[in-house]
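Enquirer: My questions all concern the structure below.
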Amino acid sequence: MRLKEKDVSVEKEDGTKVDIVVKRPTAKDLSTAQKLGSKVWTDSVRDGLFTKEGLEKFMTERGIWDKSKQSQQEEIVSQIDRLEKDIALGRSTSGKKMKVSEGKEKALQVRRLRIKLRELVSERIALEGNTAESIADNARFNFLVASCVFYKDGKKVYNSLDEYNSQAEDEVAFAAAAALGELMYSLDQNYEENLPENRFLKKFNLVDDDLSLINTDGKKVDIDGTLVNDDGWLVNKDGHRIDREGNLLTEDGQLELQGDYDDDVNDVKPKTRRKKTTE
């Protein structure tokens, strides 16, 4: 059964809490949002923005996205699917039971492939976000958020779409949009946590609560097993930043001046005092 509303408690940056109720849009809300989206699409095309069809042609002509890159995307997705199946079944291609270390390597392969996939499609996705269709979709969704978010006493949080847009970056607006997305599109807030590779890594205590890789001592490490700090920078056992070769770095990522030099420039001999002569 689909939820009709969702209670959300938001803690703001100043520490205050705001309780809101996000309700599923009514038929009237959806109809008004659709009309707004159609108008925004028409205005966008009139202003010269690409439609998705026009963008596809543009990307092909400029070499941003072509059949070769499409094939790469499909191959990466296929590899991820195969590895996910191996991880879920716990069996190698020969049917032999896998060791945890083997499962870990497959999980890390999936992570690497997801990064590769994001890098491959990032430019295309960025361009698609500026098409007339995407801008119209955003306008529809923003209208629905502005219309469907209430305080506990039943008063609307936003009196108009303009008011919501002016506050769209704050914590309440962000939480409201996420909750409405869950209600309407069954979006999973725990998407990353529920990925097959991350469920495996969590099961065998190979990641922490933030899904960062950890070693047997519970310390954060990168994919290669090197210690990292909370910001993801490589560090040595003493917590000092280092590069991949183990050289010390400053907090800005520059090599520390750590060479032991023979100073043949500033090696000044101590001055000798003149003896006072008595007349």
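The values are calculated or read from the model by the stated rules, or taken from the named source; none is laboratory data. From a predicted model like this one, the values you see are computed outputs, not experimental measurements. Here Cβ is always computed from backbone atoms with ideal geometry, including for glycine, and neighbour counts include all displayed protein chains.
Enquirer: Does GLY154 meet the test of being assigned to a loop (DSSP other than H, G, I, E, B), assigned by TED's automatic domain parsing to the domain that holds ALA179 and either under 23 Å from GLU182 (Cβ atoms) or more than 24 Å from the chain's Cα centre (by Cα) (or both)?
Expert: When the stated conditions are applied, GLY154 passes them.
Enquirer: Return the total of residues in region 182-202 being of a type in the set (A, V, I, L, M) and part of a loop (DSSP other than H, G, I, E, B).
Expert: Of the residues in that region, 2 qualify.
Enquirer: Test SER38 against the stated conditions and say whether it is outside any helix (DSSP H, G or I), in the same structural domain as PHE174 (by TED's automatic domain parsing) and among the polar types (S, T, N, Q).
Expert: In short, no.
Enquirer: Based on what the data block shows, is ARG199 in contact with a helix residue (DSSP H, G or I) (Cβ under 9 Å, 6 or more places away or on another chain) and outside the structural domain of LYS85 (by TED's automatic domain parsing)?
Expert: Considered against the rule, which asks whether it is in contact with a helix residue (DSSP H, G or I) (Cβ under 9 Å, 6 or more places away or on another chain) and outside the structural domain of LYS85 (by TED's automatic domain parsing), ARG199 comes out as yes.
Enquirer: Residues being more than 17 Å from the chain's Cα centre (by Cα) and over 30 Å from LEU144 (Cα atoms): count how many of those fall in region 182-206.
Expert: Qualifying residue count for the region: 9.
Enquirer: Also, I was wondering about something else. Could you please tell me which pairs satisfy a Cβ distance under 9 Å, a separation of 6+ or placement on different chains, a first residue in region 252-263 that is in a loop (DSSP other than H, G, I, E, B), and a second residue that is of a type in the set (D, E, K, R)?
Expert: Pairs found: GLY253/ARG241; GLY253/ASP243; GLU256/ARG241.
Enquirer: Take VAL22 and tell me if it is of a type outside the set (D, E, K, R), in contact with a Lys or Arg (Cβ under 6 Å, 6 or more places away or on another chain) and either under 23 Å from LEU180 (Cβ atoms) or touching a residue at least 40 places away in the same chain (Cβ under 8 Å) (or both).
Expert: Yes; evaluated as a whole, the condition is true for this residue.
Enquirer: If the Cβ limit is 9 Å and pairs must be 6+ apart or interchain, which residue in region 66-92 that is farther than 17 Å from LEU108 by Cβ pairs with which residue that is among the charged types (D, E, K, R)?
Expert: LYS69/ARG124; GLN72/LYS116; ARG91/LYS97
Enquirer: Across region 3-21, what is the total count of residues that are modelled with pLDDT of 90 or more, surrounded by fewer than 11 Cβ atoms within 10 Å (Cβ to Cβ) and not charged (D, E, K, R)?
Expert: Number of matching residues: 2.
Enquirer: Something else: List pairs: first in region 215-228 and basic (Lys, Arg), second surrounded by 10 or more Cβ atoms within 10 Å (Cβ to Cβ) and assigned to a strand (DSSP E or B), Cβ under 8 Å, 6+ apart or cross-chain?
Expert: LYS219/LEU227; LYS220/LEU213; LYS220/ILE214; LYS220/LEU227; LYS220/VAL228
Matching residues to (1) in contact with a helix residue (DSSP H, G or I) (Cβ under 8 Å, 6 or more places away or on another chain); (2) surrounded by 13 or more Cβ atoms within 10 Å (Cβ to Cβ); (3) at pLDDT 95 or above; (4) not in a helix (DSSP H, G or I):
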| position | (1), (2), (3), (4) |
| --- | --- |
| THR93 | yes, no, no, yes |
| SER101 | no, no, no, no |
| ILE115 | no, no, no, no |
| VAL121 | yes, yes, no, no |
| ARG140 | yes, yes, yes, no |
| SER147 | yes, yes, yes, no |
